[in-house]
Amino acid sequence: MPASTPTLRSLAKVLGLSRTTVSDALRGSPRVDPNTAQRVKKAAREAGYRRNPLAGALMSELRRSRGSAFRGVLAAVDFNEPDRPEAAARFHRELQAGAETRAVELGFKVEKFTVGHAGVSVQRLDSILQSRGIHGVILLPAWAEPDLTNLDWSRFAGVYTDYIIERPALHAVCSDHYRSMLAAMQRLVALGYQRPGLFLQRHHDERLQYRWGAAFRTFQENNPGLGQIPTLIFDTVNQPEFSKWFRRHKPDVVLGHHTEAIAWMEECGAKVPATHGFVALNVLMKTRPCAGLDLQPRTLGARATELLIAQLQRNETGIPEWPSTTTIPARWVDGPTLRASAE
């Protein structure tokens with residue numbers, strides 16, 4: 001074989017086969033005789049040939065679109081989870097919208113696939129993506145621990161849009177929850193609040209490896225002038241437990257995901273924002289106007305798309321040896337549940 005980078009054309013010339021036969025053999029097409037396919041794959045391995053997934057996607061899309069303008073295709077894979085909170089659907093829609101917008105700007109399009117209960121199996125998804133020539137996969141956040149080890153990752157590049165995925169361990173893009181909590185606490189102190197209190201749903205906290213709670217406690221410990229109010233952890237968020245905690249510890253500002261707590265505070269005698277404040281940790285989950293954190297799901301989706309396309313352009317498929325996590329801090333959103341300035 002020549003010393004230059006091997007190509008389909010050079011492999012075909014050495015093997016005495018057509019370029020189409022070599023291409024089909026490397027794609028695993030059943031149209032190629034198994035013995036011939038084995039010979040082609042052996043020669044490709046020895047020559048150090050690596051299939052370019054973007055080139056494969058180009059040919060697949062051109063065949064499907066009958067020669068019209070090419071747009072590479074990325075898969076946005078969601079998990080059908082009955083236990084996932086309804087509010088998460090809004091976050092997923094925003095993530096996907098960000099991914100779609102950025103993909104179009106970079107010459108790609110995004111198609112959504114759902115796996116799980118009412119969707120396709122992971123094995124079926126593998127078959128669909130391979131037959132469509134789709135090699136880039138954006139995984140939307142899962143409420144339970146996701147498992148996509150049954151995908152043939154030697155053919156795919158992937159990015160997870162949440163904090164961490166272990167099966168398999170892929171690159172990830174997510175909100176910087178720790179930094180965002182510290183910034184929110186600094187803002188509340190600047191507004192004059194002295195007794196911040198935090199409530200979290202246990203599973204939600206566990207999924208993020210306790211980053212909300214860890215940042216909150218770190219800020220408390222390093223600001224001894226603040227009231228040291230214990231974090232309220234629910235298995236399921238409910239009014240009786242919240243009201244008991246609120247009356248006992250008397251926070252002057254509350255941080256949490258569920259804005260129903262504002263009404264619970266008011267039933268305990270709070271006047272928001274005159275006497276007490278509230279901050280939503282994810283403003284997409286709010287059920288009434290309030291101050292809070294915008295976790296910027298559209299930006300997360302766009303960044304995930306950029307990282308995924310970059311992998312494809314570098315011909316990087318498979319499970320990365322050292323998966324990395326890209327974090328983006330939340331954006332502060334003012335609202336009527338906080339006082340305007342320190343008293």
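A few remarks follow.
- Among 205, 235, 78: highest mean-square fluctuation, GNM of the chain, C-alpha pairs under 10 Å: 235
- Lysines with Cα under 19 Å of residue 13, excluding same-chain neighbours fewer than 8 positions away: 41, 42
- Shape of the stretch 85-150, Cα gyration tensor, a/c cut at 1.5: oblate
- In a fully extended conformation the segment linking residue 31 and residue 263 would gain 76.9 nm over its present Cα-Cα distance, using 0.36 nm per residue.
- Under 5 Å between amide hydrogens, built in the peptide plane, is the criterion, and for residue 328 it picks out 174, 175, 176 among residues at least 5 positions away or on other chains.
- DSSP-assigned coil residues among GluC sites (Glu not before Pro) in the stretch 129-228, each with at most 16 further Cβ atoms within 10 Å: 166
- Hits among lysines - C-alpha to C-alpha of residue 250 under 28 Å, sequence gap 8 or more where chains match: 271, 286
- Taking other residues whose beta carbon is less than 14 angstrom from the beta carbon of residue 146, and scoring Lys, Arg as +1 and Asp, Glu as -1, yields -4.
- Take the Cα of residue 93, go 7 Å toward its beta carbon, and the backbone nitrogen atoms of the stretch 291-319 under 19 Å from that spot belong to 294-302.
- Anisotropy class of the stretch 177-295 from Cα gyration tensor, a/c 1.5 cut: rounded
- Per-residue HN-Hα couplings for the stretch 159-174 [Karplus 6.51, -1.76, 1.60; θ = phi - 60°; Hz; x = Gly/Pro]: 9, 9, 9, 8, 5, 8, 9, 10, 10, x, 7, 10, 4, 9, 10, 7
- Förster-model FRET efficiency, 56 Å R0, residue 326 and residue 9, C-beta, rounded to 0.05: 0.90
- Percentage relative contact order, the chain, counting C-alpha pairs under 8 Å, at least six apart: 19 percent
- The stretch between residue 149 and residue 46, if pulled fully straight at 0.36 nm per residue, gains 34.3 nm over its current Cα-Cα span.
- The calculated FRET efficiency for residue 124 paired with residue 333, based on their beta-carbon distance and R0 = 45 Å, is about 0.65.
Laboratory data are not the source of any read-out in this text; all were calculated from the coordinates shown. Just so you know, these numbers come straight off a predicted model, no measurement behind them. Because the Cβ atoms are built from the backbone with ideal geometry, glycine has one as well, and the counts that use them run over all protein chains shown.
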